[in-house]
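Read through the structure below, which is laid out as structure tokens, and then see the notes.
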Amino acid sequence: VQLQASGGGLVQAGGSLRLSCSASGSDVVHVRTMAWYRQAPGKQRELVTAITRGGSTDYGDSMGDRFAISRDNAKNSIYLQMDNLRPEDTAVYYCNAANWDYSIEFWGQGTLVTVSS
């Protein structure tokens, strides 16, 4: 499975961005959960949010309600709407895809989000 993420960039605090991630490849039919993780400079990678093929969602601790994930199964794509962005949201955002038991995971190349104060 290949994951292609896009939509990152520079935004001022309080602004919004929408990230997109598309999955492709013959194994995409086995993907159950797709997710966004992020890694800020000097910090560990953390879960932002995840969504199953059926639409069930999960959000990482302290993400609040500023982030919203959605999925288009027909396009094998997920989206991350980020509102009221803060400088501490600055990170590389990675798209992730996994099968039903996470025995197989795939990672995208990451897209940089920079929030200026």
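The values are calculated or read from the model by the stated rules, or taken from the named source; none is laboratory data. The shown structure was predicted, so the numbers you read here are calculated from the model rather than taken from an experiment. Please note: Cβ atoms are built from the backbone with ideal geometry, for glycine as well, and neighbour counts cover all protein chains shown. The accessibility values were calculated without ligands, DNA or RNA, using every heavy atom of the protein model including side chains. Shrake-Rupley method; radii C 1.70, N 1.55, O 1.52, S 1.80 Å.
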Could you grab the relative contact order for the chain? Cα pairs under 8 Å, six or more apart, rounded to a whole percent.
36 percent
What does the charge count near Ala68 come to, summing +1 for each Lys or Arg and -1 for each Asp or Glu among other residues with Cβ under 10 Å from its Cβ?
0
In nm, spacing of pseudo-spin labels at Ser116 and Arg86 (7 Å Cα→C-beta vector):
2.1 nm
Could you tell me the distance between the Cα centroids of region 1-53 and region 96-117, to the nearest Å?
5 Å
Leaving out ligands, DNA and RNA, and with a 1.4 Å probe, what % of the accessible surface on the chain is carbon or sulfur?
47 percent
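Provide the packing ranking of 32-40, 105-113, i.e. peptides ordered by the mean count of other C-beta atoms within 10 Å per residue, highest first.
Details: 32-40: 20.2, 105-113: 17.0.
Averaged packing, sorted descending, gives the order 32-40, 105-113.
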According to the Cα gyration tensor, what semi-axes, each the square root of 5 times an eigenvalue, does the equivalent ellipsoid of the chain have, listed from largest to smallest in whole Å?
24, 13, 13
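What accessible area per residue, rounded to a whole number of Å², is obtained for region 1-89 using a probe radius of 1.4 Å?
Numbers: 4780 Å² over 89 residues.
Accessible area per residue, region 1-89: 54 Å².
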